[in-house]
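J.: If you scroll down you'll find the structure; I have some questions about it.
The values are calculated or read from the model by the stated rules, or taken from the named source; none is laboratory data. The structure displayed is predicted, hence computed values, not measured ones. For neighbour counting, all protein chains shown are included, and Cβ atoms are generated from backbone atoms with ideal geometry for every residue, glycine included. The protein model used for the area step is the full one, side chains on, heavy atoms only, and it has no ligands, DNA or RNA in it. Shrake-Rupley method; radii C 1.70, N 1.55, O 1.52, S 1.80 Å.
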Amino acid sequence: MSRTFYVNGEFVAEENAKISVLDRGFLFGDAVYEVSTILKGRLIDNTAHLKRLARSLAELAMAPPCSDEEIVAAQLKLVEMNNLDEGLLYLQVSRGVADRDFAYPANAKSSLVMFTQAKNLLDSPMATQGMHIISIPDQRWKRRDIKTVGLLAPCMGKQAAVDAGVHDAWMLEDGLVTEGTSNNAYIVTHDKKIQTRHLGHEILSGITRQAVLKFAKQAGYTVVEEPFTIDEAREASEAFITSASTFVMPVVNIDGVVLGDGKPGPVSTELRKIYIQTALEHQDL
Ligand code: PDD
């Protein structure tokens, strides 16, 4: 059965989900997006995702396509129409359709498209085996705090990881880890502190990051929001990533260097468990 897509107020079959070639998202990457988790048919931490969407739009002086209430109603209807129990909901807002010109058009109407992807998120073999990653230079633009669809550098990074036979890549700038291709990056130091880069223009403010750091503090961990080098990561006691599609995912090998005993560590495992348990019990984390 074909999936139902949402395109500017209409719920349509995949083959009819189309936008104009003059859409600025297509021509300039002039669009922002969000990916929300769905567990047991419910959207997880969606309020926080919509808040970050509003911030991305504001940073680019892009008009919201409709109210948050209308977005939520459309999201819920789409999840229901696609009978989705577990997976992801992708939402993209572009500045809309206008003849090609770099400056923002005066009267463009923002476009909103959404679709769902069924995915096993809870039962992930990677969570028990751990991820292998490589490090690569961060070749992205300088406003990574805005969640734009300009994702060619992360695509190149992910492909470099695939070519190297590993799961993902961590990006380096001035010798420091920024983040993974589509996730935030963490290490656990030998004195059990959880370290991740501070927020700023250099990384995306992850919604999962926000929740996981809160849970880590509640569980009694010290959280250090400071950048770390790739050497510090290779020598760490544990490493992990967070994102809406992976929750907390342990990293067990960096550039061929095995971390600890090569198995997911206790801190990452505990944080993954807390995140999943809380997400199954509450919608807003
Ligand atoms: N990516 N950093 C980057 C560069 C990301 O693209 C993402 C999310 C994150 C984690 O953010 P969050 O916890 O809000 O998912 C960090 C999504 C999942 C994607 O592009 O598919």
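J.: Based on the Cβ-Cβ distance from T47 to Y90, what FRET efficiency comes out when R0 is 22 Å, to the nearest 0.05?
T.: Once rounded, the FRET efficiency stands at 0.80.
J.: While we're here: Using a probe radius of 1.4 Å on heavy atoms only, what accessible surface per residue do you get for the chain? Whole Å² is fine.
T.: 48
J.: Can you give me the angle between helix 207-218 and the longest principal axis of the chain, using Cα atoms only, in degrees from 0 to 90, rounded to the nearest 10?
T.: Approximately 40 degrees, to the nearest 10.
J.: Divide by every residue of the chain the summed helix terms, -39500 (n - 2.57) for each DSSP H run of at least 4, and state the resulting mean residue ellipticity at 222 nm, rounded to the nearest 500 deg cm²/dmol.
T.: -8500 deg cm²/dmol
J.: Follow-up. Determine the share of the chain's accessible area contributed by carbon and sulfur atoms, expressed in whole percent, with a 1.4 angstrom probe.
T.: 53
J.: In whole Hz, with x marking every Gly and Pro, tabulate ³J(HN,Hα) for segment 88-104 from phi via Karplus 6.51 cos²θ - 1.76 cosθ + 1.60, θ = phi - 60°.
T.: Coupling constants for segment 88-104: 10, 10, 9, 10, 9, 10, 10, 5, x, 9, 7, 4, 5, 7, 5, 5, 5 Hz.
J.: Further question on the same structure: Taking just the C-alpha trace of segment 87-154, give me its Rg and Dmax in Å.
T.: 17.7, 51
J.: Quick check: residue separation of E270 and E226 times 0.36 nm, minus the Cα distance between them. What number comes out in nm?
T.: Full extension of this stretch gives 13.6 nm more.
J.: If you don't mind, another one. Would you calculate the separation in nanometres between label points at D163 and Q277, each defined as 7 Å from the Cα along the Cα-to-beta-carbon direction?
T.: According to this spin-label approximation, the distance is 4.3 nm.
J.: Right, another one. For the cross-link pairs K192/K263; K40/K273; K147/K273; K18/K40; K142/K214; K119/K193, which exceed 20 Å when the distance is taken from alpha carbon to alpha carbon?
T.: Where the Cα-Cα span goes over 20 Å, the pairs concerned are K147/K273; K18/K40; K142/K214; K119/K193.
J.: Now for a separate question. Is segment 121-279 rounded, prolate or oblate when judged by the Cα gyration tensor, a ≥ b ≥ c being the square roots of its eigenvalues, rounded requiring a/c under 1.5 and prolate requiring a/b larger than b/c?
T.: rounded
J.: Also, I was wondering about something else. Percentage of Cα-Cα pair distances in segment 1-104 greater than 17 Å, rounded to whole percent?
T.: 56
J.: Please list the three semi-axes, largest first and in whole Å, of the ellipsoid equivalent to the chain, using sqrt of 5 times the eigenvalues of its alpha carbon gyration tensor.
T.: 33, 22, 17
J.: Going 7 Å from the Cα of D101 toward and past its Cβ, which residues in segment 39-64 have a backbone nitrogen under 20 Å from where you end up?
T.: Once the point is set 7 Å along Cα→Cβ of D101, 60-63 turn out to lie under 20 Å by backbone N, inside segment 39-64.
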